[in-house]
Amino acid sequence: MDSHRTEFERLAMPHLDAAYSLAHWLSRSAVDAEDIVQDAMLRAFRAFDTVRGESVRPWLMTIVRNCFRDHVARVNRLEGLGDRLEQAPSDDPSPEAEAAAASDRRRLDAMLALLPDDYREVLILREMEDMSYREIADAIGAPIGTVMSRLARARGLLKDKWLAEDGR
Amino acid sequence: MSCTEYERTSAFLDGELDDRESAEVEQHLETCPHCQALAAAAGDASELLRGPAARLTAPAGLRARIGQRLDAEAATVVRLPRVRRQSGWDRFWVGAAGGVGVSAIAAALALVAFLPPSPATLTGELADAHIDALMSGRTIAVVSSSHHTVKPWFAGRAPLSPPVADFAQQGFPLTGGRVDRIGRQKAAVVVYRHGAHEIDLYAWPTDGALPMGADRRGYHLVFWAEGDLSFAAVSDVQRSELEAFVQLVKSERG
């Protein structure tokens, strides 16, 4: 293994599960997530010279997000991205934990399904990756004000839909 | 139904407002039902997205495929000497590292899945929750040394509004907060530092008798109740220091 490959294994590959989770919830599809992550890891490997050790994770997550956007554009050109929801991979320790996690994953997916792509991605980056508004703004290439208003709208939308469900 | 303060309320929940604006929004939140509902929805969404259900494991086949592709790539590409360019990325990350040090570290360390508290006793559950948080790196969900930021962050996330004060003068600076599940309850956790040690101050609505003080797996626990709230301080500082901290918290309340 050359040193570039070794360094990538040491610094980037530990974030593979996080990258896969991000791709999964952005795309809401286990199949698409695999394509997106494979694409992202290869791109990251080619550009690995440009990043420093401590900032690998947010850098990698930005690449995953961009690959997701490219993937959506590509699929839209071909057919239009439907709501394809495959079951998530099960690697959990026990059947009980798996059942509980599966039910939470369905709730999570149902929540994300309520949000348009633009809102979903800022909420996911904020909560799952704990990014600051500045970091999200740089990741999606938009001003901080846009991040702030999209997050508020995402939450407002969830509030309204959840209240409407409770009222039924 | 909505409110013109949604954006500031939302930014406030994320700890993105300065002290003055935080105080304004905090006051607004006390009386605005729309913003209270927004905070509750934001809290529910946050809990799902930060919970164990959101963290998936990449399929083994995918991992193997990526490894093969990288090996192939590494074998065929002749690399140019490494040149450090001052690209836009570099500048951004230098700046970002200064501004969000703690949360970036927390995000980078958040690789270990959060395990649900398992054993029966409250003491065990608290020690587990504390250790899980330390191990997962997610000890702080809202990073702030200002009670104007930490206290309202709990609105919509915890079933109570915990007392929050800074004891930096006395050697216990406030560093942030999070919400933990203790058994079936949600507890508000206010996080302090003492030297290199973290002290977690748990608060939850009382629903039973409290254990005596205890030591578990190298951590000290001190319990007490006040009004309808139960408290526990958990840390690996020396027991005498933890008790001094508890006295401070009690005197602030009394």
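Every number here is computed from the coordinates shown, using simple stated rules; none is lab data. Note that this is a predicted model, so its numbers are computed, not measured. Cβ sites come from the backbone with ideal geometry, for glycine too, and all protein chains shown count toward neighbours.
In this structure, the amide hydrogen of B:ILE182, modeled 1.01 Å from its nitrogen in the peptide plane, lies closer than 5 angstrom to those of B:ALA187, counting only residues at least 5 positions away or on a different chain.
Ranked by the mean number of other Cβ atoms within 10 Å of their residues, highest first, the peptides B:191-203, A:98-110 fall in the order B:191-203, A:98-110.
Computed 3J(HN,Hα) for the range B:32-41, one whole-Hz value per residue from the Karplus formula 6.51 cos²θ - 1.76 cosθ + 1.60 where θ = phi - 60°, is 9, x, 5, 6, 5, 5, 4, 5, 5, 5, glycine and proline marked x.
Judged by the ratio a/c of the largest to the smallest principal axis of the C-alpha gyration tensor, the range B:144-250 counts as oblate, that ratio being 1.5 or greater while a/b is no larger than b/c. Our coupling estimate for the range A:63-69, obtained by passing each phi through the Karplus curve with A = 6.51, B = -1.76, C = 1.60 and θ = phi - 60°, is 5, 4, 4, 5, 5, 4, 4 Hz, Gly and Pro reported as x.
Straight-line cross-link partners of B:LYS186 among the aspartates and glutamates, defined as a Cα under 19 Å from its Cα and at least 8 positions apart when in the same chain: A:ASP104, A:GLU127, B:ASP44, B:GLU47, B:GLU125, B:ASP128, B:ASP132, B:ASP200, B:ASP207, B:GLU226, B:ASP228.
Per-residue Karplus couplings for the range A:145-153, computed as 6.51 cos²θ - 1.76 cosθ + 1.60 with θ equal to phi - 60°, are listed in order as x, 5, 4, 4, 6, 5, 5, 4, 5 Hz, Gly and Pro entered as x. Note on A:141-152: average number of Cβ atoms from other chains within 10 Å of each residue's Cβ is 3. Using the Cβ-Cβ distance between B:GLU73 and B:SER251 with R0 = 51 Å, the FRET efficiency computed as 1/(1 + (r/R0)^6) comes to roughly 0.25.
Shielding by partners for peptide A:17-28, expressed as the average number of C-beta atoms from other protein chains within 10 Å of each residue's C-beta, is 3. Peptides B:65-73, B:48-56, A:15-23 ordered by packing proxy, namely the average of other Cβ atoms within 10 Å per residue, highest first: A:15-23, B:48-56, B:65-73. Excluding same-chain neighbours fewer than eight residues apart, the lysines reachable from B:LYS250 by a Cα-Cα span under 21 Å are B:LYS151. Amide H contacts for B:GLY213 (H built 1.01 Å from N in the peptide plane; partners 5 or more residues away or on another chain; cut-off under 5 Å): B:PHE223. Diffusion of the range A:103-168 by Stokes-Einstein, at 10 °C in a medium of 1.306 mPa s and with Rh set to the Kirkwood radius over alpha-carbon pairs, works out to 128 µm²/s. Sequence-distant or interchain residues sharing an amide H contact under 5 Å with B:GLU226, placed H: which? When sequence neighbours closer than 5 places are left aside, the close amide H contacts are B:PHE231. Averaged over peptide B:63-71, the number of partner chain Cβ atoms lying within 10 Å of each residue's Cβ comes to 5.
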